Amino acid sequence: MNVRPLSPDDLNDYRRIRLRALRDHPENFGSTYEQESRMTTEQWERRLSPSEDRISLGLYDGERLMGTAVLVREQRERMRHKANLYAMYVAPEARGKGAGRLLLEELLKRAREMDGLEQIHLSVVSGNEPARNLYRQFGFITYGVEPRAEKIGDRALDVEWMVCFLT
């Protein structure tokens, strides 16, 4: 398995795995399958277009995209020392093989190369123990839990807010 930056050339692979993640694991993401399945090609391309404030990584097993992670730096001047981790996902068939570890290692390596970036924030559903444990192994600490932060139908989900200090 190898991790590399994603680009608009990876649009079909990315769209396929992102929609799969949202369909199969809706409780783990703030967005929905219905919302993102309506996105235009141009919206998907913008999401994958490289910039100095956005890192989109893909974990490939041969030619098959098996995982993703996206880091987006805050744009407001007083908050540019922070970034947010979004869309972290590893396909079930790649789990337990170090795939999440490879993705997060590469993401943190690249984040540390971003001038002035000091911390990365993320949110994780409180019941997602494998993800929470992985983040903790890389130095993320919990700074709050938002009760009933998200709802899927009548089911309310608590969200844990975590931060990793790079400096």
* **Residue (of Q119, A87, Q35) at the positive-pole extreme of the chain, dipole from beta-carbon charges** => Q119
* How large is the dipole of the chain about the Cα centre if only Lys and Arg carry +1 and Asp and Glu carry -1, each at its Cβ, rounded to the nearest 20 debye? -> 120
* Asked: Stretched out fully, how many nm does the piece from N12 to R80 gain, at 0.36 nm a residue minus the Cα gap?
  -> 21.4 nm
* In the range 33-115, carbon and sulfur make up what percent of the accessible area (probe 1.4 Å)? -> 43
* **Cβ-Cβ FRET estimate between E45 and A149, R0 fixed at 22 Å, reported to 0.05** => 0.15
* Note down the accessible area of T32, probe 1.4 Å, to the nearest 10 Å². => 60
* Asked: Given H placed on each backbone N at 1.01 Å, which residues far from N84 in sequence or on other chains put an amide H within less than 5 Å of it?
  -> V72, R73, E74, H121
* To do: With a ≥ b ≥ c taken as the square roots of the eigenvalues of the C-alpha gyration tensor of the range 78-151, please select rounded if a/c is under 1.5 and otherwise prolate if a/b is larger than b/c or oblate if it is not?
  => oblate
* Using 0.36 nm per residue of separation minus the Cα-Cα distance, give me the extension gain between M1 and D24 in nm, one decimal. => 6.0 nm
* Residues of type lysines that K82 reaches as a straight line, Cα spacing below 25 Å, ignoring anything fewer than 8 places off in the same chain -> K109
* In percent, how large is the relative contact order of the range 61-161, given Cα pairs closer than 8 Å and 6 or more residues apart? -> 22
* Using the Cα gyration tensor of the range 36-134, with a ≥ b ≥ c the square roots of its eigenvalues, what is the shape: rounded (a/c below 1.5), prolate (a/b larger than b/c) or oblate (neither)? -> oblate
* Structure fact -> The answer for the net charge of residues other than D53 whose Cβ lies under 9 angstrom from its Cβ, with Lys and Arg +1 and Asp and Glu -1, is +1
* Structure fact -> Counting only backbone N atoms under 14 Å from a point 7 Å out along Cα-to-Cβ of D53, the residues of the range 79-113 in range are 79-84
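The values are calculated or read from the model by the stated rules, or taken from the named source; none is laboratory data. Computed from a predicted structure; not experimentally measured. Neighbour counts are summed over all protein chains in view; Cβ atoms, including those assigned to glycine, are modelled from backbone coordinates with ideal geometry. These accessible areas exclude ligands, DNA and RNA; they are computed on the full protein's heavy atoms, side chains included. Shrake-Rupley method; radii C 1.70, N 1.55, O 1.52, S 1.80 Å.
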